[in-house]
Amino acid sequence: VTLEDLKCNSYEDLEEKLVPMLREVYNSKMAMAASEQKSEIERILVKKVKIDGGICLKWVCSSFNGMPDRLIFLPNGHFGMAELKANGQKPRALQLARYKMLKRLGFKVYVIDDVEQIGGMIDEIQAT
């Protein structure tokens, strides 16, 4: 954006030009913050599972969108799946449909949006 782009005849014209640009910048910053937040949750999950003697694999399923982010394998045959979200974010409709399908097959998908949920999820997986 140049000063030439912002030349306007009135305050309303300037506002009309600036508001969409500011919304775009704000949304971009929020997306970056959410991505960093999710990455931090993911990093802590992987570390905690490893400490507990398991492995936490990233599941990239390009031919079947909407599947959970992580597969969690714990000692003694315990298994779980986790979808990681930035704080307060919810799964998309396609993801919810996939989790419902997995539930019909007997699998539970944990949706984690806060590091405080990780310990409880691991305890629950180990208890099944």
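The values are calculated or read from the model by the stated rules, or taken from the named source; none is laboratory data. Owing to the predicted nature of the structure, the values given are computational and were not obtained by experimental measurement. Virtual Cβ from ideal backbone geometry, glycine too; neighbours counted across all protein chains shown. Protein only, heavy atoms only, side chains kept; ligands, DNA and RNA dropped before computing areas. Shrake-Rupley method; radii C 1.70, N 1.55, O 1.52, S 1.80 Å.
Screening L14 with (1) touching a Cys at 6+ places or on another chain (Cβ under 9 Å); (2) open to solvent by less than 30 Å² (accessible area, probe 1.4 Å); (3) not β-branched (V, I, T) gives one miss only, at (2).
Note on segment 55-84: residues that are at positive phi and assigned to a helix (DSSP H, G or I) total 2.
Based on what the data block shows, is C61 without any contact (Cβ under 8 Å) to a residue 12 or more places away in the chain and either surrounded by 12 or more Cβ atoms within 10 Å (Cβ to Cβ) or over 15 Å from the mean Cα position of the chain (by Cα) (or both)? Considered against the rule, which asks whether it is without any contact (Cβ under 8 Å) to a residue 12 or more places away in the chain and either surrounded by 12 or more Cβ atoms within 10 Å (Cβ to Cβ) or over 15 Å from the mean Cα position of the chain (by Cα) (or both), C61 comes out as yes. Taking each residue of segment 93-116 that is exposed (fewer than 13 other Cβ atoms within 10 Å of the Cβ) and at pLDDT below 95 and looking for partners that are outside any helix (DSSP H, G or I) and not charged (D, E, K, R) with beta-carbon atoms closer than 7 Å, six or more apart or interchain, yields D114/N87.
Within segment 66-80, being within 14 Å of the chain's Cα centre (by Cα) and either free of Cβ contacts under 8 Å to residues at least 12 places away in the same chain or surrounded by fewer than 19 Cβ atoms within 10 Å (Cβ to Cβ) (or both) holds for one residue alone: G66. When you check I51 against the structure, is it of a type in the set (A, V, I, L, M) and open to solvent by less than 90 Å² (accessible area, probe 1.4 Å), yes or no? For I51, the condition - of a type in the set (A, V, I, L, M) and open to solvent by less than 90 Å² (accessible area, probe 1.4 Å) - is not met.
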